[in-house]
Amino acid sequence: MVKPQKPPSGRTNLASCIVATVFLIFLVIIVLIVYFTVFKPQDPKISVNTVQLPSFSVGNNTVSFTFSQYVTVRNPNRAVFTHYDSSIQLLYSGSQVGFMFIPAGKIEAGRTQYMAATFAVQSFPLAPFAVQSFPLAPPNEASAATMPITTTTMGPIGVPGGFGGTNNGNRIGPTMEIESRMEMGGRIRVLHFFTHHVKAKSGCRVTIAVTDGSVLGFHC
């Protein structure tokens with residue numbers, strides 16, 4: 001005859017529950033460690049490469065131009081960066097003069113994407129201090145005054161004199177300054193389960209020659 005088996009005691013059930021709970025806690029800890037070490041979300045990085053004004057017009061103390069900005073956006077995450085809330089804003093003397101939405105898109109994990117934005121800026125008035133007259137270099141120093149201006153760490157924009165800046169001590173004429181602000185908002189999905197919102201920002205101050213619209217320098 002087969003002897004009937006005794007039902008598991010309460011102590012056996014309690015031990016099984018404890019083992020299962022410990023295992024689940026250990027699994028959660030492992031997932032969190034992997035998430036915060038390997039898959040920790042990071043904000044994308046924006047680098048401004050070039051700023052150009054393909055067209056420029058000034059008259060009657062007003063100015064209008066076409067603004068172009070070329071940037072690289074790097075996604076340092078191990079997941080795809082999906083951006084959908086992105087824009088470029090132009091400011092002059094604290095007021096918005098231009099705005100553009102950036103179309104939604106994706107940047108693959110660990111990849112860098114090149115982006116270009118070009119849009120027209122409608123005519124707006126120049127500040128009085130931006131159109132005042134400045135003496136140009138005397139004829140015998142013209143060769144020094146036409147040397148290219150490059151961005152350095154000594155000045156905020158690469159033109160140490162700011163408005164009506166100088167080049168090797170010589171006046172280069174009236175200038176104006178605009179500010180470019182770029183924001184990219186979106187999300188990344190880690191391990192196809194965790195969703196994290198990230199945002200990248202960049203701000204650049206651009207110095208422009210009022211006489212011909214050439215970009216003298218920018219600092220971001």
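The values are calculated or read from the model by the stated rules, or taken from the named source; none is laboratory data. From a predicted model like this one, the values you see are computed outputs, not experimental measurements. Every residue, glycine among them, receives a Cβ derived from its backbone with ideal geometry; neighbour counts consider all protein chains shown. Note: areas computed on protein heavy atoms with side chains; ligands, DNA, RNA excluded. Shrake-Rupley method; radii C 1.70, N 1.55, O 1.52, S 1.80 Å.
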Net charge over other residues, Cβ less than 12 angstrom from the Cβ of Ser93 (K, R count +1; D, E count -1) | -2
Roll a 1.4 Å probe over the protein heavy atoms and report the accessible area of Lys201 in Å², nearest 10.
-> 140 Å²
Apply the Karplus parameterisation 6.51 cos²θ - 1.76 cosθ + 1.60, with θ equal to phi minus 60°, to every residue of the stretch 62-69 and state each ³J(HN,Hα) to the nearest whole Hz, in sequence, with x for glycine and proline.
-> 10, 9, 9, 6, 9, 10, 10, 9
Env charge @ Ser202, Cβ radius under 13 Å, K,R +1 / D,E -1, value +3
Given H placed on each backbone N at 1.01 Å, which residues far from Ser86 in sequence or on other chains put an amide H within less than 5 Å of it?
-> Ile102, Gly185
In the neighborhood of Gly186, defined by Cβ-to-Cβ distances under 9 Å, what is the net charge if each Lys or Arg adds +1 and each Asp or Glu adds -1?
-> +2
Peptides 204-217, 47-60: what's the order by average Cβ count within 10 Å, highest mean first?
-> 204-217, 47-60
Rank-order 64-74, 116-126 by packing density, defined as the average count of other C-beta atoms within 10 Å over each peptide's residues, highest first.
-> 64-74, 116-126
